[in-house]
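Below is one structure, written out as C-alpha cells; comments come after it.
The values are calculated or read from the model by the stated rules, or taken from the named source; none is laboratory data. Worth saying up front: this structure is predicted, and the values here are computed from it rather than measured. Counting neighbours? That spans all protein chains shown, and the Cβs are built from the backbone with ideal geometry, glycine included. Only protein heavy atoms, including side chains, enter the accessible area calculation; ligands, DNA and RNA are left aside. Shrake-Rupley method; radii C 1.70, N 1.55, O 1.52, S 1.80 Å.
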Amino acid sequence: MNRLLLSVLGLLLLLSLSAQAQKIKYKDLFPLLNSKSYEPGEKLLKQFIAKEPDHANAHLQMGIMYETFTDKLDVVKEKDQFMIWADSSIMMYKKAATLIDEKELKRNDDLYQAYNRRDLRTGKFEIKLSDVQLDIEKAVAALETRKKNVEGINLYFEQLKFHYNEADQVYSFLFDAFRKDMNLMLLMADAPILEKLNKMVLHFDSVLFYQKKYSEASKAVRANFNQGFVYEEIKGLAPSSLVITNFYSNEIRLNDFGDWASKAIAIIETDIERARRTIVEHDNAIKQAANEGKTRLPDFPEDKLATYKKYDSNPFIVPYFEVKQKELVLNALALDSTFLKGVNRWKDYAKVNEGLSVLTANEALYQQLDAYDNQVICNQYATLITENYGSCPAFLNQLNEGKKASAQKKEEFSQIKAELESALRWGITEEGDSLALFTGSTSKPNAFYTLQVFTDSLSDKRFVLGLKMEPKVKTKVFIAQVTPDLKAPWLTEIPTNGAVELANNPIACWHDGENQTLFVVSIAAVNSEVKSWAIVLDKAGKMALMAENSLGFIPMSAEPSTELPGYKLFAKDGSFILIDPQGKIRK
C-alpha cells in the first residue's frame, strides 16, 4: 500500500512537471487511471483528450471514470449530476467503441490487460476485441437502465412528496377554518368538508402507493439503501399534533393524514349524522305537540345527547329545546286578561305564578342562547335549519322573535299577578263588607279583624277566623268562608261567653259526607285555663254542633285518627287528645 502511494505521488509529480514542460504522456497518466485515482487524474485526462481526441483508451478510461462517479452520488439529492455523468460516461464508452479495433489492441495491449482472459476453447490467455466491445456494450446498457431507474425513483419520490403536501395543505386549511378545534370541524362538517376529507384520504392512498414504489426501486438501484418510513398517528387539529417531516433523513416520519381523515369521516357519517337526524325529528315532534296542545314531550334522547356531548360539551340544542318545551307549558296555560274575571282566583294566581316561573327560566335560557356564535350555530346545525326553517336568517329571526315574545309575555303576566295579588287580599261578604285575607288587618266600617286565614285542602276554600268589633257591642268571634271567587257566602259568629283572648289558630280537621266542617277554637281565659270549642258548621255556615272542652293545652296541629273516628289534637310536646266527630274529647 505504501509502495503504491509512493508510486502515485511520484507519478503526480512527474506529470505535473511534464505538463508544465511538454505535453502529457499517456503512459505516465494510465497508472493513475488504472488505480482509479480520479481526483488528480480527471483534470489531466481531460487535458490529454483535448490534445488527442482520437485516443481510444483515453475515451474508454474517461467512460469508466464517469461511471465510477455515478456510484458515489445520492440519486435523489444529486439526480441532475448523476444524469450528467451517466450521459458523459455513455458518450465516452460509445466513442471508445468506435476507436478500439484489432490494431489498437495489438499496439497497446498493455492498456487492455483488464480484458486478458482465458479462451475457453484453446485455454490460452489473450485479449479479444469481441470481449472489449461486449463489455462496453454491457456498460452502456447498464447505464441506460440505471438512468431509467433513477428517473423512476425520482418520479416516485416527487409524487410521494406532492400527494403528501396536498394532504398537508388540506389539514392546514381545516386548521385555519376551525381555529384548532377538531370537534367543531366534526360538528360543522358539510358536503365541502367531507369532500376535502375524502381528498385527504385519496392523496394519502397515493402517498402509500408511491412510497412502496420508491422503496422498491431504490433497493434495486441504490447500494445499501436503508431509508425507512414511519407513519405517525395524528391526534387533534393543531400544529402541535404533527411531526416535522424530512424526506432526506434515513427515517422519514410522516403524519398519517389518511388515517386521521378516515376516522373523521367515520365519526361524521355515524355519530354526527345520527345526532343531526335526531335533532330534526325532535324539533318536528315539538312543533307537532304545540299544534296538538300538549304540554310536555320526552326529553331529547339521553344516549344521543351523550354521544353529541363527546364533541360539544355545551351544545346549543340543550337550552334551545328547553325553551321549546317551556313554550308548550305556556301555550297550555294561555294566560291573558280574562283570568281577572275567573271563578277560582287562587287557581288563577297559581297559574300566573307557574307562567312567571317558566318565563323567568326562559329569560335565563335566552341569555344562554345569546352567548352562542350565530355563524357557528348556522354551520353546526345546518341540517335542522335548512329542513325546518329554510335559511339561517329565518332561523335566527324566529329565535329573536321568540325571545321578544317571551319578554313581552313576562311583562303581561307580571301585571296580571299584581292585579290578582291586590284582589286576593280581600273577600266580600254578602252585605258587601270587605274581609281581609291576611292576618292583623282591620276592615271598616264594621271592623272585621282577621286573626287567621287557612285553607281547606278538600274544598280549595279559605276560612277566616277573626273578631267582629262593633261600637257599643261586645267583640265577637267569627268564622267566615271565602270561596275561590273571593266571595264570603257566610259569616258565622261563635258564642264564647265574652272570652275573646284567642290562644291559637283554628284547626279545620274533619269533614263528613254532608260537607260539614269541624273547627277547634282555643281560648286562654284569665286564669290561664285553656278552653276550646269544637264547632261543626255545615256547608251553609250554620252551626250544627258546638261543644266546649277544657283541653289543658293549646293544640298545635291535628291529624286523622287511625284508631277511632275523629282527629288527634297535638300539644307542643307531642302529646295529644282525641276529638270525636261530635266535638267531644275521647280519653
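Here are some notes:
- Once the Cα-Cα distance is subtracted from the 0.36 nm per residue extended length, the D101 to E281 segment shows a gain of 55.6 nm.
- Computed from label points 7 Å out along Cα-Cβ, the spacing between D54 and D485 is 14.0 nm.
- The stretch 291-428 - percent of accessible surface contributed by carbon and sulfur, probe 1.4 Å: 50 percent
- Accessible area of the stretch 86-173 divided out per residue, in Å², using a probe of 1.4 angstrom: 57 Å²
- Near L29: Cβ cut-off under 12 Å, other residues only, Lys/Arg at +1 and Asp/Glu at -1. The net charge is +3.
- Taking label positions 7 Å along the Cα-Cβ direction at both N198 and E151, the computed distance is 3.6 nm, reported to one decimal.
- Charge tally in the Cβ shell below 11 Å around L99, where Lys, Arg are +1 and Asp, Glu are -1, L99 excluded: -1
- Relative packing of 198-207, 183-192, 285-294, which averages over residues the other C-beta atoms within 10 Å, highest first: 198-207, 183-192, 285-294
- Summing charges over all other residues whose Cβ lies under 12 Å from the Cβ of A488, with Lys and Arg as +1 and Asp and Glu as -1, gives -1.
- Segment S240-N291, extension gain: residue separation times 0.36 nm, minus the distance between their alpha carbons: 13.2 nm
- Here is the list for the stretch 85-148: trypsin sites (Lys or Arg not before Pro) lying in DSSP coil, each with at most 14 other C-beta atoms within 10 angstrom of its C-beta, are R121, K124.
- With DNA, RNA and ligands ignored, accessible area of F173 (1.4 Å probe; Å², nearest 10): 90 Å²
- With every protein chain in place and a 1.4 angstrom probe, the accessible-area ranking of D74, D348, largest first, reads D74, D348.
- Cα gyration tensor shape for the stretch 50-126, rounded if a/c is under 1.5, else prolate or oblate: oblate
- Compared with the alpha-carbon gap, the fully stretched path from E273 to A332 is longer by 17.9 nm at 0.36 nm per residue.
- Size of charge dipole - the stretch 213-356 - debye, nearest 20, with Cβ of Lys, Arg +1 and Asp, Glu -1, no other charges: 260 debye
- FRET efficiency for D205 and K77, using Cβ-Cβ distance with R0 set to 25 Å, rounded to 0.05: 0.40
- N183 paired with M91, simple spin-label distance in nm, labels 7 Å along Cα-to-beta-carbon: 6.6 nm
- Average accessible surface for the stretch 225-288: 49 Å² per residue, computed with a 1.4 Å probe over protein heavy atoms with every protein chain in place.
- Once all protein chains are placed together, T307 keeps about 40 Å² accessible to a 1.4 angstrom probe.
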